[in-house]
Each structure stands twice: as structure tokens, then as C-alpha cells.
Amino acid sequence: MTGASRGIGQAIAARLGAEGATVMVHFGSDESGAAATVDAVRRVGGTALAVRAELGVDGDVEALFAGVEEGLAGRPLDILVNNAAAPPAGPIGVTTRAEFDRMFAVNVRAPYFIVERALPLLREGSRIITISSVATRMANPAQTSFAMTKGAIETMSMTLANQLGPRGITVNAVAPGATRTAANGAVFDVPGLTARIAGLTALDRLGSPDDVADVVAFLASDAARWVTGQVIDASGGLHLGPRV
């Protein structure tokens, strides 16, 4: 899985490892974070191998799959999780062209060509899961370009689900909302912000990486064999409407 060195990605890796998966822990630059993820997978009884590749640059997919295929050692690929993403860069008028291009390179181009490269390795009945965002279903001017990238991968997931269905491959997206992680914890320490977001959330709290990881684990399981082409909201009901 991509982007597994921290936060939601790290939680997903550990959750899949606990279910018996051998996890390829992709990272771009955070080698210590990837090592921590490998340790987390092993602590729950799983097997993991760190794979380094910078996404969004020429040769990124080839570098990633060189490590993946070495780790697979001839075995098929059962689950592909696209989690790596460049963060929001700001509203229109603030996001630079370079930031815009970087977001699309990492958030859209990389997952698309990762899936393409993975197709010969994926067994019949395997799973493709891409992490999206609730930013696609609400108007947040601070995340316009970021939401555009996530909208693109939701469309990709729906289309690929239709194409790959005859192979029994399910393709879905998971859309987290406000999720506190070790990396972004300081953001939610702004006075009043956590309470404000909780007040906009049906389940009345921020999300945790484990909340999202459990949804991914469900989609990766046989129990989700009849779910495909869907965007699964994993936000706790963020912005469903007024709470009276």
C-alpha cells in the first residue's frame, strides 16, 4: 500500500497485517516512519516490507514495483491500497501552478498508473481501494484543487469497477473526514476547532486512523465481495446537515 509511513496509512497497514496480509509498506522519504509501520505490522502478527519510491516524478511507478515484485517473490497481489497523497495547498488564487501540478501528479496520475501496473499481478477476486476525502461532497474553498484530485480518483474507481468486474476485482474508494493523527494533531489544538468539527459531525467527535482502517479492512475482506464502484464515507457523518 502507498503512503504507509504514518497516520491513516500506518493504521491501515497494521490492520491488514493483523488480518494476515503481507504488507508492502510504501514510503517516499520518511524512512523511520516506514520502519515504525513495519514494526507495528509485526507486533500484531503480520509480515511487512518497506518499499521506497517518490511518487509524482518520472519513474515513480517503476521504482515502486521493483520493490513490490521483489517482496512478492512471484506471488500474486491480493490487495492494492492507494493512500499516498499531496496535501491541500490552499484556495484558488493561493495555490501555485507548481503545487497544483504536484497534487495532480501524486493524487491522480500516480494512483492511475499504479493500478495499471498492478493489473497483471492482481489475482482474480482481488481488491483495489483508494483513499479519497469528504472534500468531494462539500464546498470548502480552501481545498478546491485538492477536492478536484479526489473527485478524479472517485470517478476512476467507479469506472475501473465496471471494467474489472469480470475478473471479480472490486474497486472502491474510502472518504475520511476530519481525522486526528500524530502528524496533524497540532492543527486540531487550535482553541475551539475540535469542538466545532465535532458539532458538525453526526457521531460528535473527530475521526481516528483506526476508524478509517477498519473500513478499509472490511472492503479488503471477503465480506465486501458484493461491494464495488462505491465511495464509502468514513467521516462519522461530517456535514450531513443541521443538528437540531
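Select from the range 186-230 the residues that are of a type in the set (D, E, K, R), within 12 Å of Thr170 (Cα to Cα) and touching a residue at least 12 places away in the same chain (Cβ under 8 Å) and list them in ascending order. Scanning the range 186-230 gives a single hit, Arg225. Only one of the listed residues (Ala4, Ala48, Ala34) is crowded, with 20+ Cβ neighbours inside 10 Å, over 28 Å from Val134 (Cα atoms) and either modelled with pLDDT of 95 or more or not β-branched (Val, Ile, Thr) (or both). That residue is Ala48.
Out of Ala186, Ala161, one residue alone is small (Gly, Ala, Ser), modelled with pLDDT of 95 or more and either within 22 Å of Leu80 (Cα to Cα) or assigned to a helix (DSSP H, G or I) (or both). It is Ala161.
In the set Thr201, Thr181, Thr136, Thr149, only one residue is crowded, with 17+ Cβ neighbours inside 10 Å, within 15 Å of the chain's Cα centre (by Cα) and farther than 30 Å from Arg117 by Cα; that residue is Thr181. Of the residues Val216, Val171, the single one that is part of a strand (DSSP E or B), under 18 Å from the mean Cα position of the chain (by Cα) and not aromatic (Phe, Trp, Tyr) is Val171. The single condition from (1) crowded, with 21+ Cβ neighbours inside 10 Å; (2) in contact with a Lys or Arg (Cβ under 7 Å, 6 or more places away or on another chain) that Asp78 fails is (1). A search for C-beta distances below 7 Å between a residue of the range 75-98 that is polar (S, T, N, Q) and any residue that is modelled with pLDDT under 95 and outside any helix (DSSP H, G or I), counting only pairs 6+ apart in sequence or on different chains, returns Thr95/Ala89.
The values are calculated or read from the model by the stated rules, or taken from the named source; none is laboratory data. Predicted, not measured: the structure shown is a model, and the values here were computed from it. We place every Cβ from the backbone using ideal geometry, glycine too, and count neighbours over all the protein chains shown.
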